[in-house]
Amino acid sequence: MEPHTPKSWSIHTRREIIAKYEILERVGSGAYSDVYRGRRLSDNLVVALKEVHDYQSAFREIEALQILRNSSNVVFLHEYFWREDGDEDAVLVLEYLRTDLAAVIKEAKRDGRGISVGEVKRWMIQILCGVDACHRNVICHRDLKPSNLLVSDDGVLKLADFGQARILLEPGYLATYHDPQPYDHTIHTTYDHTIVNQEHTFEPSEAFLQSHNPCKSQDQGNISKEEYFRQLDEVKAKNSIDEADKETNVHDGDTSCLATCSTSDIEDDPFKSSYSYEAEEGGGNRQGCLTSCVGTRWFRAPELLYGSTTYGLEIDLWSLGCVFAELLTLEPLFPGTADIDQLGRIFNVLGNLTDEVWPGCSKLPDYRTISFNKVENPIGLEACLPNHSPDEISLVKKLVCYDPASRATAMELLHDKYFSEVPLPVPISELRVPLTRSGQDEDSPRGWNDYNEMGSDSDFEDFGPVSVTTTSTGFSIQFP
């Protein structure tokens, strides 16, 4: 393996950035990115500057945020700085949001006041609007969790951290659901067929306009959930064949040497018409497969835990159910300590995963490799949501279920009777917003909701004796 090419180690050394922004402080750091609070010199606007150290993550996040730039519940990308040769880290200039949903949950638990039903409903509606915008553009976020749901000072919630997101198909390819236009939120706004923001003018395709026009009649272009996913499966299958001989859409850095610039400085935006999809996953994989090593363990769908590489938008819906359950109880629904423990906790609640509850699950890559003893009396989601109404339990059940095809879409949930019955969702202005982001005022660096530590390891050390059996295809591990 060739040694990794050194990159500019600090955002402070980037002349094109410091000419436009004052870097105030670093507010977050991880394995793949550092986030700084900054000030735009031209108008004193406070922004977040995200320096992404991983080329592919930067590409995915920029591409997804460009498509979602007019979604009111997705974090706004002002501009980005990018070198196509990969010699310097990409820097994304995002709107600055001071706190997140994890902090909302933590503060409510610490204060002992909980979150009122009206507040829960308003948080849920905002999350659903953001997820709906993603899924109508066939963007799978793949890492939905409270700490990736940022909150503004005035209570507006926005999906963030799209570094693991995947665009499964080109937007506008499929017929889409009509825009539900829930309550006081406008998901998309168009002006004379041109979507405009502070920094850029985005000229969408006709298919994009047809599928995103909020004035569109509800009887045009509507399809059922079953038909939507049937079309999606057909196109994914077609793409896995047609794209086998095509090069991935991710630029490899050897084909161009574009000078460092921001999107507002160049005419040919390398992301403007490029839509990546599943054939690029895993570097050289060109067979339409995705990686199962995505997301954060507590919110990871069972198909991912069993190694699926052909999943779809439904993995976000499972994560959504886990987030909603946590909003209701202020505790994580399945706080597994490793992937096997994660499965065990899920089975303890929902029962064993079988072809009876999810036809075809036995074809998952690791289904016959990892097995558990039969759970005779699963406790059910009702036991995980004590003192909550049947409607609240029903809402979580519509998402936290084994069969991906049975999970309710974000659009369907936005029309659920739960949100139209008293107590009604409170106005956004009445939401209680904490002063700090999750973890900033913790005595311990690893609080109970430190989701970033819930990675993808599958260590077995903490699970006592296991039974390993040789099979015709390899081996099977039996857990108690």
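The values are calculated or read from the model by the stated rules, or taken from the named source; none is laboratory data. Worth saying up front: this structure is predicted, and the values here are computed from it rather than measured. For neighbour counting, all protein chains shown are included, and Cβ atoms are generated from backbone atoms with ideal geometry for every residue, glycine included. Just so you know, the surface numbers come from the protein's heavy atoms only, side chains and all, with ligands and any DNA or RNA stripped out. Shrake-Rupley method; radii C 1.70, N 1.55, O 1.52, S 1.80 Å.
Quick rundown of the values:
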| item | result |
| --- | --- |
| Residues satisfying the stated conditions in the range 313-362, i.e. of a type in the set (D, E) and touching a strand residue (DSSP E or B) at 6+ places or on another chain (Cβ under 8 Å) | D316 |
| Candidates T309, T329 - the one that is among the β-branched types (V, I, T) and closer than 30 Å to V422 by Cα | T329 |
| Tally, over the range 70-105, of residues that are among the acidic types (D, E), closer than 16 Å to L150 by Cα and touching a strand residue (DSSP E or B) at 6+ places or on another chain (Cβ under 6 Å) | 1 |
| Output for the range 426-438, where each listed residue is more than 24 Å from the chain's Cα centre (by Cα) and open to solvent by less than 50 Å² (accessible area, probe 1.4 Å) | V426 |
| Residues located in the range 328-337, provided they are assigned to a helix (DSSP H, G or I) and surrounded by fewer than 22 Cβ atoms within 10 Å (Cβ to Cβ) | T329 |
| Some residue of the range 50-57 being in contact with a strand residue (DSSP E or B) (Cβ under 9 Å, 6 or more places away or on another chain), over 30 Å from E421 (Cα atoms) and free of Cβ contacts under 8 Å to residues at least 12 places away in the same chain | no |
| Verdict on V357 being at pLDDT 95 or above, more than 30 Å from L101 (Cα to Cα) and among the β-branched types (V, I, T) | yes |
| Neighbours by Cβ (under 8 Å, 6+ apart or cross-chain): first from the range 18-31, in contact (Cβ under 8 Å) with a residue 60 or more places away in the chain and at positive phi; second open to solvent by 70 Å² or more (accessible area, probe 1.4 Å) and aromatic (F, W, Y) | none |
| Failed item, numbered, when V27 is tested on (1) closer than 20 Å to S152 by Cα; (2) open to solvent by 40 Å² or more (accessible area, probe 1.4 Å); (3) modelled with pLDDT of 95 or more | (3) |
| Subset of the range 83-128 (residues that are open to solvent by 10 Å² or more (accessible area, probe 1.4 Å) and not charged (D, E, K, R)) | G86, L94, Y96, L97, G112, G114, I115, S116, V117 |
| The range 385-409, residues that are surrounded by fewer than 16 Cβ atoms within 10 Å (Cβ to Cβ), under 20 Å from the mean Cα position of the chain (by Cα) and among the polar types (S, T, N, Q) | S406 |
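One line per residue, one yes/no per condition, for (1) part of a loop (DSSP other than H, G, I, E, B); (2) open to solvent by 50 Å² or more (accessible area, probe 1.4 Å); (3) among the aromatic types (F, W, Y); (4) touching a residue at least 24 places away in the same chain (Cβ under 8 Å):
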position: I315; (1), (2), (3), (4): no, no, no, yes
position: L343; (1), (2), (3), (4): no, no, no, yes
position: F347; (1), (2), (3), (4): no, no, yes, yes
position: D366; (1), (2), (3), (4): yes, yes, no, yes
position: A383; (1), (2), (3), (4): no, yes, no, yes
position: M411; (1), (2), (3), (4): no, no, no, yes
